[in-house]
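Have a look at the structure below, then the notes.
The values are calculated or read from the model by the stated rules, or taken from the named source; none is laboratory data. As the structure is a computational prediction, the values presented were derived from the model and not from experiment. Here Cβ is always computed from backbone atoms with ideal geometry, including for glycine, and neighbour counts include all displayed protein chains. These accessible areas exclude ligands, DNA and RNA; they are computed on the full protein's heavy atoms, side chains included. Shrake-Rupley method; radii C 1.70, N 1.55, O 1.52, S 1.80 Å.
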Amino acid sequence: MEKQSNKALEIRKMSIEDVQEVYKIENQSFTNSSWSLEAFYHELEKNEFAHYFVVSLGEKIIGYCGIWIVIDQAQITTISVDESYRSNGIGQLLLEYVMNYASTTCTTMSLEVRIENKAARHVYEKAGFTYGGVRKNYYGDGEDAKVMWVSLKND
Ligand SMILES: CC(C)(COP(=O)(O)OP(=O)(O)OC[C@H]1O[C@@H](n2cnc3c(N)ncnc32)[C@H](O)[C@@H]1OP(=O)(O)O)[C@@H](O)C(=O)NCCC(=O)NCCS
């Protein structure tokens, strides 16, 4: 990450025009299980439950996150940060943003994470997510997923 950058960090809704840039980060981040371009187009154009966001530094997209909101439940479908910009708090920023976004209508947020994905689990734990169950053989390569969830209400 460029130290002392004067470029503005911004989080905004993902648009169709962003998908090619997002797809580059997706491919670099999920080597065995990356989404296709069509999957992103489908989410943006056809899925009424989907809400996708990008974080940009100046003109450059450096991360993205998607959630589904169904009535009062939110689920993270994907989150990723360009590897050159990781460990600078961008993941945490995106996560806090979508939690705040969902909290106006949702009571909980959940997600699945690979057991071996220590960095992601650390970011989720820091944001208050705790462990629910395990989904056996959840990923295409047979790895199990941990389910994590957080209450979005301050009670
Ligand atoms: C998960 C991800 C989005 C986090 O983005 P990020 O911008 O690096 O997140 P942050 O900088 O806010 O926080 C990263 C934290 O993980 C920690 N971390 C990094 N590598 C780690 C590891 N191997 N084990 C444990 N913690 C690790 C960092 O120290 C930092 O914690 P800290 O702020 O307490 O020091 C990013 O790693 C990513 O894009 N990974 C690939 C895609 C992915 O796995 N997505 C999640 C799918 S469930």
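Taken across segment 104-111, residues that are part of a strand (DSSP E or B), within 11 Å of the ligand (Cβ to nearest atom) and in contact with a Phe, Trp or Tyr (Cβ under 9 Å, 6 or more places away or on another chain) do occur, with at least one present.
Looking across segment 143-155, the residues that are at pLDDT 95 or above and either of a type in the set (D, E, K, R) or open to solvent by 70 Å² or more (accessible area, probe 1.4 Å) (or both) come down to Lys146, Trp149. If Gly140 satisfies every condition in (1) part of a loop (DSSP other than H, G, I, E, B); (2) open to solvent by less than 60 Å² (accessible area, probe 1.4 Å) but one, which is the exception? Evaluating Gly140 over (1) part of a loop (DSSP other than H, G, I, E, B); (2) open to solvent by less than 60 Å² (accessible area, probe 1.4 Å) leaves (2) as the failure. Within segment 1-52, the set of residues being open to solvent by 100 Å² or more (accessible area, probe 1.4 Å), among the basic types (Lys, Arg) and more than 16 Å from the ligand (Cβ to nearest atom) comprises Lys7, Lys13, Lys46. Being in contact with an Asp or Glu (Cβ under 6 Å, 6 or more places away or on another chain) and in contact (Cβ under 8 Å) with a residue 12 or more places away in the chain holds for only one residue in Arg114, Arg121, and it is Arg114. Residues in segment 116-137 that are assigned to a loop (DSSP other than H, G, I, E, B), within 11 Å of the ligand (Cβ to nearest atom) and not polar (S, T, N, Q): Glu116, Ala127, Phe129. Scanning segment 122-142 for residues that are small (Gly, Ala, Ser) and at pLDDT 95 or above turns up Ala127, Gly128.
Counting the residues of segment 65-122 that are of a type in the set (Asp, Glu) and open to solvent by 40 Å² or more (accessible area, probe 1.4 Å) gives 4. Report yes if Gly58 is loosely packed, with under 15 Cβ neighbours inside 10 Å and closer than 21 Å to Ser15 by Cβ, otherwise no. So Gly58 passes the test.
Within segment 61-86, restricting attention to residues that are out of contact with any helix residue (DSSP H, G or I) (no Cβ under 8 Å at 6 or more places or on another chain) and more than 13 Å from the ligand (Cβ to nearest atom), the residue that is nearest to Glu26 (Cα to Cα) is Trp68.
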